[in-house]
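Asker: Right, I'll just put the structure down here and ask away after.
The values are calculated or read from the model by the stated rules, or taken from the named source; none is laboratory data. Quick caveat, the model's predicted, so the values are computed rather than measured. Note that we place each Cβ from the backbone using ideal geometry, even for glycine, and neighbour counts take in every protein chain shown. For the accessible areas, the whole protein counts, side chains as well, though only heavy atoms, and no ligand, DNA or RNA atoms are used. Shrake-Rupley method; radii C 1.70, N 1.55, O 1.52, S 1.80 Å.
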Amino acid sequence: PVVATATPPAEVGLVDVPSLEGAPPNNLVFLLDVSRSMEQPDRLPMLKSSMKQMLDYMRPQDRVAVVTYSGEAKVVLPSTSATEKERIIQAIDNLRSGGQTNALNGAVAAYRVAQRAFTKEGNNRIIMASDGYFRIPEALPRLVREKAGDDILLSIFFFGEEKEEIISRLVRLAGLGGGNYRHITPENVDDMLLEEAAGED
């Protein structure tokens with residue numbers, strides 16, 4: 001006789017555990033707005049915490065870099081293997097807010113870092129984090145579109161209150177960059193970061 005078997009307890013109520021298994025290798029460059037308006041707890045401090053948590057899921061083939069733009073662009077962390085976790089965490093912890101925003105200079109520096117570490121058939125992506133209060137000079141959309149053609153994508157993480165005139169500009173910029181526009185909140189920041197690291201568009 002056929003004996004009916006109960007579903008093993010392990011299969012009941014399975015929780016989706018985040019994973020980068022099967023995802024292409026990452027060449028991620030975080031382009032962070034560190035202007036004064038990003039000091040609020042639900043902006044830069046929240047993103048820093050989430051970035052450190054993301055490292056727990058990253059693999060030896062994944063690389064991370066950090067570029068800040070506030071007044072002048074600064075490469076805080078050149079492209080670094082995810083195996084160097086302490087070095088990456090130290091760079092993230094040392095990030096400080098202050099000054100005005102210069103998005104174009106930051107983007108030029110970030111693309112330069114991404115190009116140097118370009119990974120063939122990888123997820124070559126800049127994640128630009130901002131609260132959106134910056135001017136978009138004509139050269140920026142041109143640069144973003146050109147680099148998307150070279151398989152270096154741009155996703156935008158927006159923090160703060162969504163205002164139509166800001167959002168429409170950022171959605172367009174992310175579209176030109178072949179990446180995503182995401183409105184970041186305390187509830188979704190961890191998932192959004194992992195989706196970008198998994199190369200989801």
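Asker: Which residue is farthest from LEU20 (Cα to Cα), if the candidates are limited to segment 99-111 and must be open to solvent by 30 Å² or more (accessible area, probe 1.4 Å) and out of contact with any Leu (no Cβ under 6 Å at 6 or more places or on another chain)?
Answerer: Per the criteria, the residue is GLN100.
Asker: Is it the case that some residue within segment 114-122 is modelled with pLDDT of 95 or more, open to solvent by 20 Å² or more (accessible area, probe 1.4 Å) and closer than 26 Å to THR185 by Cα?
Answerer: Looking for residues that are modelled with pLDDT of 95 or more, open to solvent by 20 Å² or more (accessible area, probe 1.4 Å) and closer than 26 Å to THR185 by Cα, one finds none in segment 114-122, hence no.
Asker: Which numbered condition trips up ILE88, out of (1) at pLDDT 95 or above; (2) touching a Gly at 6+ places or on another chain (Cβ under 9 Å)?
Answerer: (2)
Asker: Further, regarding this structure: Could you list all residues from segment 98-112 that are within 18 Å of the chain's Cα centre (by Cα) and among the small types (Gly, Ala, Ser)?
Answerer: If the condition is that a residue be within 18 Å of the chain's Cα centre (by Cα) and among the small types (Gly, Ala, Ser), then ALA103, GLY106, ALA107, ALA109, ALA110 are the ones that fit.
Asker: Moving to a separate point now. Scan segment 31-40 residue by residue and report those that are part of a helix (DSSP H, G or I), of a type outside the set (Lys, Arg) and open to solvent by 10 Å² or more (accessible area, probe 1.4 Å).
Answerer: The answer is SER37, GLU39.
Asker: Here are some conditions: (1) under 15 Å from the mean Cα position of the chain (by Cα); (2) surrounded by fewer than 18 Cβ atoms within 10 Å (Cβ to Cβ); (3) of a type in the set (A, V, I, L, M). ALA148 meets all but one. Which one does it not meet?
Answerer: The failed condition is (1).
Asker: Next up: For segment 41-97, name all the residues that are open to solvent by 20 Å² or more (accessible area, probe 1.4 Å), aliphatic (A, V, I, L, M) and within 20 Å of PRO186 (Cβ to Cβ).
Answerer: Listed by number, the list holds a single entry, MET46.
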